[in-house]
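Following: one structure in C-alpha cells, then a few remarks.
The values are calculated or read from the model by the stated rules, or taken from the named source; none is laboratory data. Nothing here was measured: the structure is a model prediction, and the numbers come from that model. Cβ: placed from backbone, ideal geometry, glycine included. Neighbour counts: every protein chain shown. Side chains are part of the model used for accessible areas, which takes the heavy atoms of the whole protein and leaves out ligands, DNA and RNA. Shrake-Rupley method; radii C 1.70, N 1.55, O 1.52, S 1.80 Å.
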Amino acid sequence: ADSAAALLCYGATIHIAGPKGERKVPVENFFSGPGKTVLSPQELVVEIEIPPAPPRSAGFYMRFTPREEMDIAVAGVASFIILNGRGKRCKEARIALSAVAPTPLRAKKAESILSGKTLTTDVIEQASQQAAAEAQPISDIRGSAEYRRHLVQVLTRRTLESCLQILKVTL
C-alpha cells in the first residue's frame with residue numbers, strides 16, 4: 001500500500017469502469033478491508049486522478065522495511081502540507097498511514113494539530129505522537145504493534161521535516 005498513502009494525501013480519485021458503466025470513487029473510500037477494495041469482480045481501475053498541488057505545498061513518503069530484499073513495508077507514512085504565505089504557518093496538512101491498519105488511513109487528529117499553526121519542532125512532534133496513536137497496527141512476524149506505532153511516530157516526523165526542506169523552510 002505504498003502508493004495508497006501518497007494518493008490519500010493528494011486527494012486522488014479512482015476512475016473505475018465495468019459492464020455497468022463508469023464511476024469515480026475518492027481514494028479514501030476505495031479500500032474496504034485488508035487486501036480488499038470496492039471493485040466488483042468485473043470492474044477495472046482505468047485512471048487515477050490526482051489534483052494539481054497548490055502553491056507552497058510539498059509531499060513526502062517514507063516507509064520502513066527490515067531488509068532491502070523485503071519489499072513489504074512494516075510501516076509507511078505520507079505527509080503533505082500547504083503553507084500560508086512565506087512563513088511556517090500551516091494552512092492545511094494531510095498525513096496518511098499504510099501497513100499499520102486494516103486499510104490505508106488518514107491521521108486526521110494529527111493533521112488538526114498542524115493546521116493553522118506555525119510549524120515548530122514541538123508542534124511536529126505532537127502531531128507525530130498523535131499519528132502513532134491513530135495507527136491500528138497488529139503484531140505479526142514483521143513487528144509488534146508497539147514497534148509499528150513507534151515507526152509511525154518517527155516516519156511522521158521525518159516526512160513532515162522533509163516537506164519543510166522541500167519548501168526551503170528551516171525549523
Ranked by how many other beta carbons lie within 10 Å on average, peptides 52-62, 98-108, 72-82, 17-27 from highest:
72-82, 98-108, 52-62, 17-27
Can you list the HN-Hα couplings for segment 15-21, worked out from phi with the Karplus curve (6.51, -1.76, 1.60; θ = phi - 60°), rounded to whole Hz and with x for Gly and Pro?
9, 10, 10, x, x, 8, x
Extend 7 Å from the Cα of residue 136 along its Cα-to-C-beta direction; within segment 147-171, residues with backbone N under 20 Å of that point are 147-153, 156
What are the radius of gyration and Dmax of the chain, computed over its Cα atoms and given in Å?
16.6, 52
What list of ³J(HN,Hα) values in whole Hz, one per residue of segment 149-158 in order, does the Karplus curve 6.51 cos²θ - 1.76 cosθ + 1.60 (θ = phi - 60°) give from phi, with Gly and Pro shown as x?
4, 4, 4, 4, 4, 5, 5, 5, 4, 5
Compare the Cα positions of 144, 58, 44 along the charge dipole of segment 34-171 (+1 at Cβ of Lys, Arg; -1 at Cβ of Asp, Glu; about the Cα centre) and return the one farthest towards the positive end.
58
What lysines does residue 24 reach when the alpha-carbon gap must be under 26 Å and sequence neighbours fewer than 8 apart in one chain are set aside?
36, 108
Can you tally the net charge around residue 129? Count Lys and Arg as +1, Asp and Glu as -1, for every other residue whose Cβ sits under 13 Å from the Cβ of residue 129.
0
If amide H atoms are built 1.01 Å from N in the plane of the peptide, which residues on other chains or at least 5 residues away come under 5 Å of the amide H of residue 117?
90
Mind ordering 146-159, 32-45 by average Cβ neighbours within 10 Å, highest first?
146-159, 32-45
Segment 95-112 - phi-based ³J(HN,Hα) in whole Hz, Karplus 6.51/-1.76/1.60, Gly and Pro as x
10, 10, 10, 10, 6, 10, 6, x, 9, x, 8, 8, 8, 5, 5, 5, 4, 5
Debye log10 I(q)/I(0) at q = 0.17, 0.23, 0.26 Å⁻¹ for segment 83-171, Cα point scatterers:
-0.66, -1.06, -1.27
Interchain or sequence-distant (5+) residues whose placed amide H lies within less than 5 Å of the amide H of residue 12 are 27
Per residue, what accessible area does segment 30-171 have, given a 1.4 Å probe and all protein chains present, in Å²?
55 Å²
Per the helix-only calculation at 222 nm, which mean residue ellipticity applies to the chain, given -39500 (n - 2.57) for every DSSP H run of n ≥ 4 and division by its residues, nearest 500 deg cm²/dmol?
-9500 deg cm²/dmol
To the nearest Å, what is the center-to-center distance of segment 128-171 and segment 65-104, using C-alpha atoms only?
7 Å
